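As structure tokens, the structure follows; a few thoughts come after it.
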Amino acid sequence: TKFVGQKRFSLEGGEALVTLLNTLIEGAGELGVQEIVMGMPHRGRLNVLANVLHKPYGFIFAEFEGSFLPNNVQGDGDVKYHLGYSRDHVTAKGNKVHVSLLYNPSHLEAVNPVVAGIVSAKQDYLRDTETRSRAIPILMHGDAAFTGQGLVMETLGLSELPDFQVGGTIHVIVNNQIGFTTSPKYSRFTRYPSDIAKVFNAPVFHVNADDPEAVVQAARLAIEFRNRFKEDVIIDLVCYRRHGHNELDDPTFTQPTMYKRIREKKSVHVMYGERIEQEGVLAAGEKEAIWAEIREKFEKALAYARDEQPKQRVFAFGGAWEGMGWAGKDWSARTAVSPALLERVIVGATTIPESFNAHPKARKLLEERRKMLEGEGKIDWGCGEMLAFGTLLLEGTHVRLSGQDSCRGTFSHRHAVLHDADTDEVYVPLANLAPGQGRFRAIDSMLSEAGVLGFEYGYSSADPRNLVLWEAQFGDFANGAQVIIDQFIVSAESKWQRQCGIVLLLPHGYEGQGPEHSSARLERYLQSCAENNMQVVYATTPGQYFHALRRQIHRRFRKPLVVMSPKSMLRMQLAVSKVSELTDGGFQDVIDEIEPLDPTSIRRVLLCSGKVFYDLLVNRNERVIDNVAIVRIEQLYPFPADEL
């Protein structure tokens, strides 16, 4: 009534969702749950923020008045119906539950794997991986999106896999029986939107949103089921949408008879008020007094919002992020390590138990890596990565690497997980370096880009003490996860003041394998760079890669890192590093000419990045050219103008 013409994506017609969520939170708290992470689309978000998360009405009204980010916070902000919030809920018996509603873009269902990844990280942080009972996810969906968006199925699929389990998600379908202007018969091929989940044998509770007491019972069943069986469970909240897609939209153009019936319906709070008044639960006139009291609260909150213009404080560095901060001008880090630490890693990472019958080629590769640290040494790409992971693990950092072929490596260069040739048992050398080391996980993921990258982004954003990497099978396969890259990785810090340090490894290089296997689309990432939002590197040596990975952890802030990772350079004899490159210095944004050329004789300086450097170097040496210098730009963003 006070903000006519403003979009709010109201929950009217599905108000029982508030009752449902409050019941889930209360029930979870009584079962010992300490953390709840929720994801939802924009419909009903403001209602949930106000009536479940208890975000002060004054803050919400101030946002309608145009008051957004505090002055001390970086970034551009987002529309109010995308924002998140968190609070501590104390149950009737005194148990405390921290409840968070995650920020979300308008890309419906994109938040699903992100929520799962965050909960997985919290379960690791809370040492809750056995029962997965202290942190749980709740996801809300529109009915059209639940059947239409593939990320729903990808996230449901991840929930059944060992390295992506969260102990069951409670899914709530807010079944408005319409998708924007599309009727169900045109938007889904099943009677119920929940039918697609039959693949996973998840129980489904269909409940009438006009019967709040039935909704409470469905919520109790759902939280008890999840607690007992640690599996996904679905509530189909059958309701309607009183207004159009938003409050400026006229739904009678496309659903005239449906909206005629909706106009004639009483709202659920009116019907329920009449019901409990007739049953004697409320005295005559008591419900009107409740409504008047709520209206008075709103009026006071609106007056406060207009007078004070309050702005929601941003708590970006609490919990696991304690001690972190915003990035300043200095992005360097001390990443060199001692020779003794390298020796500890190489011995541990190349030692296989005597009873383990590793593949002969894998055994030989490990033996060759051990020799790479002897004398001057020539460390190749796979060894440099192994040393980066190993040194971080011995320093106490957790490392999580996933992708469709990440354990062996698409190009057989990694061999992080060894398989016994006789028994199929596995041995992970980097997980067995020393007692008390960081946790190492290398994961061959399901054949999904968007779902898996969303999960890994969520995991990385929840706990900065993990080095989290996602590797594309080929660089341009990241196309399938573009929504996660654009809406979360690239922009979350600017929109929602949420950092993450995820690493994207994108194999890149024109090695004659066709257009889908050549370019990692470097230009797309550079087009997404602005305001120091991330790092894009195309390193030419294993030493550079070593320092780039370690730099991700040894700073007091986190930024995503996109690596144009090599194919031919994996085994190129020139693309090697000396041990001294790991024990001295750090990542070089620009590498100057490496030959002792006379600077006064130089007539041309070639600037390049990546593997073309070696083509130029070989050609120059073959032609005995001594008046052309070659300079490598190793970091393309933030662009190293001063160093260049």
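The values are calculated or read from the model by the stated rules, or taken from the named source; none is laboratory data. Keep in mind that this is a model prediction, so the values were computed, not measured. Neighbour counts are summed over all protein chains in view; Cβ atoms, including those assigned to glycine, are modelled from backbone coordinates with ideal geometry. The area values use the complete protein model at the heavy-atom level, side chains included, leaving out ligands, DNA and RNA. Shrake-Rupley method; radii C 1.70, N 1.55, O 1.52, S 1.80 Å.
The residue pairs whose first member lies in segment 28-44 and is closer than 30 Å to GLU247 by Cα, whose second member is among the polar types (S, T, N, Q) and assigned to a loop (DSSP other than H, G, I, E, B), and whose beta carbons are closer than 7 Å, counting only pairs six or more residues apart or on different chains, are GLY39/ASN104; MET40/ASN104; PRO41/ASN104; HIS42/SER106. Residues that are free of Cβ contacts under 8 Å to residues at least 40 places away in the same chain, assigned to a loop (DSSP other than H, G, I, E, B) and not basic (Lys, Arg) are absent from segment 13-23 altogether. Cβ separations smaller than 7 Å between residues 6+ apart or across chains give the following pairs from segment 243-264 residues that are closer than 18 Å to SER10 by Cα and in contact (Cβ under 8 Å) with a residue 60 or more places away in the chain to residues that are open to solvent by 50 Å² or more (accessible area, probe 1.4 Å) and of a type in the set (Phe, Trp, Tyr): HIS245/PHE180. Among the residues of segment 490-521, the one identified as open to solvent by less than 10 Å² (accessible area, probe 1.4 Å) and either among the aromatic types (Phe, Trp, Tyr) or in a helix (DSSP H, G or I) (or both) is ALA492.
Can you find a residue in segment 158-176 that is open to solvent by 40 Å² or more (accessible area, probe 1.4 Å) and under 26 Å from MET271 (Cα atoms)?
The answer is no; no qualifying residue exists.
Give the number of residues within segment 204-226 that are surrounded by fewer than 16 Cβ atoms within 10 Å (Cβ to Cβ), of a type outside the set (D, E, K, R) and touching a Leu at 6+ places or on another chain (Cβ under 9 Å). Residues that pass the stated criteria total 2. Close contacts from segment 125-150, counting a first residue that is under 19 Å from VAL99 (Cα atoms) and a second that is among the acidic types (Asp, Glu) and part of a strand (DSSP E or B), with Cβ to Cβ under 6 Å and a gap of 6+ residues or different chains, come to ALA135/GLU35. Tell me, yes or no, whether segment 247-268 has at least one residue that is closer than 30 Å to GLY58 by Cβ, open to solvent by less than 80 Å² (accessible area, probe 1.4 Å) and at pLDDT 95 or above. Within segment 247-268 (the criterion being closer than 30 Å to GLY58 by Cβ, open to solvent by less than 80 Å² (accessible area, probe 1.4 Å) and at pLDDT 95 or above), the answer is yes, since at least one residue qualifies. Taking ARG306 as the residue in question, decide whether it is in contact with an Asp or Glu (Cβ under 8 Å, 6 or more places away or on another chain), assigned to a helix (DSSP H, G or I), open to solvent by 20 Å² or more (accessible area, probe 1.4 Å) and farther than 24 Å from GLN217 by Cα. For ARG306, the condition - in contact with an Asp or Glu (Cβ under 8 Å, 6 or more places away or on another chain), assigned to a helix (DSSP H, G or I), open to solvent by 20 Å² or more (accessible area, probe 1.4 Å) and farther than 24 Å from GLN217 by Cα - is met.
For the condition open to solvent by less than 60 Å² (accessible area, probe 1.4 Å), outside any helix (DSSP H, G or I), in contact (Cβ under 8 Å) with a residue 24 or more places away in the chain and more than 28 Å from LYS371 (Cα to Cα), ILE630 qualifies.
Can you confirm whether GLU296 is of a type outside the set (Gly, Ala, Ser), open to solvent by 20 Å² or more (accessible area, probe 1.4 Å), in contact with a Lys or Arg (Cβ under 9 Å, 6 or more places away or on another chain) and part of a helix (DSSP H, G or I)? So GLU296 fails the test.
The rows are residues; the columns are (1) in a loop (DSSP other than H, G, I, E, B); (2) more than 16 Å from ASP444 (Cβ to Cβ); (3) open to solvent by 30 Å² or more (accessible area, probe 1.4 Å).
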{"site": "THR351", "(1), (2), (3)": "yes, yes, yes"}
{"site": "ALA362", "(1), (2), (3)": "no, no, no"}
{"site": "ALA388", "(1), (2), (3)": "no, yes, no"}
{"site": "LEU392", "(1), (2), (3)": "no, yes, no"}
{"site": "GLY396", "(1), (2), (3)": "yes, yes, yes"}
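Just one of the listed residues (VAL605, VAL563) is surrounded by fewer than 19 Cβ atoms within 10 Å (Cβ to Cβ) and either at pLDDT 95 or above or under 33 Å from the mean Cα position of the chain (by Cα) (or both), namely VAL605.
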